[in-house]
Amino acid sequence: MFPIHAGQPAAFAPDLPASTDVVVIGGGIIGVMTAWELARSGSRVVLLEKGRIAGEQSSRNWGWIRAQGRDLAELPIVLEALRMWPAIAKDAGDIGLKQTGTLYLANSQDELAGYQRWLDDAAAYQLSSRIVSASEVAAMMPAAMSRWAGALYTPTDMRAEPWVAVPACARAAERAGAVIVEDCAVRLLDIEAGRVTGVITEKGRIKAGAVVLAGGAWSSLLLLRHGVSIPQLSVRATVAQTEPMPDIYAGGAVDRRLAWRRRSDGGYTLAAADYHELFVGPDALRAFRRFVPQLIRDPLGTRILPAAPQGYPDAWGTPRRWSGDAVSPFERMRILNPTPRAAKVAELARWFSATFPDLGPTTIRTAWAGMIDIMPDVVPVVDRCDALPGLTICTGMSGHGFGIGPAMGRIAARLATGQDPGHDLTRFRLSRFSDGSRLVSGPSL
């Protein structure tokens, strides 16, 4: 199944209420799970999506639900998410959820030693992760031509089908009492006496005691319109889906060049292990200095392109100023649907065939691309916004949002309603970009 696209009719189109307790901006995994948590706790909540639920990155990711390899500060949160997913599947229906494990394959002993260092750092969290030998990897994937030095293996990691899971969760949130409205862009935050008191949408104004911004790649554009700057960029990632093929490994695996995951339809989702494309625009230039350390560590992982297509969040022609009574950039681009890189799709097929030659030619059924919202330290912003009281920000998931999404939604719901988030969010604070902190990536892989 191809990710959700603009041609599909709205599945959520109720009348816009005049007021609510909380407005959630954005219909990806974070926004949907925030709305679900709020509705289940008895809060009145309205989720507003400019296009379609899961129309952008939340339907375009690899479908991995992993604790393995994460920043240490994310581990308690993703462990909570792993406990939540089975209950979510029970309420939402068949979302392709399976516990199949994750393999990070090492091409060298040095790479394997790096995995061991992460495992040592993560020891306090009592993960199921362990180092497996070359012979164990060969036994797990006997069809592989490649011979790896070993792997980091987490058997309790899961997989699900994101283009099925997120809309199913939205329907479950609606059943719990959430109001979900597609084709309804939030043009501006409604601010009175310096406090956020609701939102101004293309369909009218909604009063609310709190607002949660979970807008993915669009978050920084809305924040900047209100004077809040975050160094968030978006990079294009290309993904392909194969025709059904024999089962060579039930979970997700990645080596130095290729990532693959068994799909519920019998094919595989394929992606480059570490390849993204950055379109240079005003935000990219403004944030470039903060991203330099990341680019130095991984000089070949990002391809720089001169300009984004018209209407993209960081395109040169995208307005940075607009009013509440005029069409906003969010309405001009209902669904951010980037074109996949054709040469990369062909390369993915060749790599997969070279890794598993006995499977025969790899036939690509379809391919797509998504815009991943990333932060300089590759961890999200999850925080109340001091400059705009009443606003909670949960964005910049840096390509890791699907699996951790349920727990992040729970945290965002708690923050919006003035509760203790249940986790130490110091690593994810908004002020880290202005308080003199040294922004470095943690010991994630």
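Viscosity 1.002 mPa s, temperature 20 °C: give me the Stokes-Einstein translational D for region 140-188 in µm²/s, with Rh taken as the Kirkwood radius over C-alpha pairs. Rounded, D is 138 µm²/s. Its DSSP H runs of at least 4 residues, each contributing -39,500 (n - 2.57), put the calculated 222 nm mean residue ellipticity of the chain at -8500 deg cm²/dmol, to the nearest 500. Working note: Karplus 6.51/-1.76/1.60 with θ = phi - 60° gives region 53-58 the couplings 4, 6, x, 10, 4, 5 Hz, where Gly and Pro are set to x. Remark: the chain carries 38 Å² of accessible area per residue (probe radius 1.4 Å; ligands, DNA and RNA excluded).
Ranked by the mean number of other Cβ atoms within 10 Å of their residues, highest first, the peptides 400-409, 29-38, 59-68 fall in the order 29-38, 400-409, 59-68.
Principal axis extents of the Cα atoms in region 227-276, from largest to smallest and rounded to whole angstrom, are 52, 23, 16. Evaluated over the Cα positions of region 268-364, the convex hull gives a direction-averaged projected area, one quarter of its surface, of 8.5 nm².
Each 10 Å bin from zero up to the one holding the largest Cα-Cα distance in region 299-352 carries the following percent of pairs: 19, 36, 26, 15, 5, 0.
Comparing Ala284, Ala87, Ala272 in a Gaussian network model of the chain (Cα springs below 10 Å), the most mobile by mean-square fluctuation is Ala87. Each label point was placed 7 Å from the Cα along the Cα-to-Cβ direction; for Arg290 and Arg303 their separation is 2.7 nm. According to the Cα-based calculation, Rg over Rh for the chain is 0.95, with Rh computed by the Kirkwood formula.
In the chain, a dipole from Cβ-located charges (positive for Lys and Arg, negative for Asp and Glu) runs towards its positive end, and of Gly204, Ala81, Ser133 it is Gly204 whose Cα lies farthest in that direction. The fraction of accessible area contributed by carbon and sulfur in the chain is 53 percent, rounded to a whole number (1.4 Å probe; ligands and nucleic acids excluded).
Put a plus charge on the Cβ of each Lys and Arg, a minus charge on the Cβ of each Asp and Glu, and nothing anywhere else: the dipole of the chain about its Cα centre is then about 460 debye. A viscosity of 1.002 mPa s and a temperature of 20 °C, combined with the Kirkwood radius over Cα pairs in Stokes-Einstein, give a translational diffusion coefficient for region 49-137 of 138 µm²/s. Scaled to the globular estimate 2.2 N^0.38 Å, the Cα spread of region 1-105, given as radius of gyration, is 1.23. Estimated at the nearest 10 Å², the accessible area of Asp325 is 130 Å² with a 1.4 Å probe. Stretching Arg117 away from Arg365 to a fully extended chain increases their span by 85.4 nm, per 0.36 nm per residue minus the current alpha-carbon distance. The orientation-averaged projected area of the convex hull spanned by the Cα atoms of region 348-420 comes to 7.8 nm².
Measuring between their Cα centroids, region 266-323 and region 96-122 lie 27 Å from each other.
Counting residues in region 197-260 as N, plug N into 2.2 N^0.38 Å and put the Cα Rg over that result. Its radius of gyration relative to the 2.2 N^0.38 Å reference: 1.88. Structural size metrics of region 1-62, computed from C-alpha coordinates, are Rg and Dmax of 12.5, 38 Å. Out of every Cα-Cα pair that region 297-445 contains, those further apart than 28 angstrom amount to 41 percent. A viscosity of 1.306 mPa s and a temperature of 10 °C, combined with the Kirkwood radius over Cα pairs in Stokes-Einstein, give a translational diffusion coefficient for region 168-324 of 83 µm²/s.
The values are calculated or read from the model by the stated rules, or taken from the named source; none is laboratory data. Please read these numbers as outputs of a predicted model, since none were measured by experiment. Quick reminder, even Gly has a Cβ in these numbers, built from the backbone with ideal geometry, and neighbours come from all protein chains shown. Heavy atoms of the whole protein, side chains included, go into the accessibility calculation; ligands, DNA and RNA do not. Shrake-Rupley method; radii C 1.70, N 1.55, O 1.52, S 1.80 Å.
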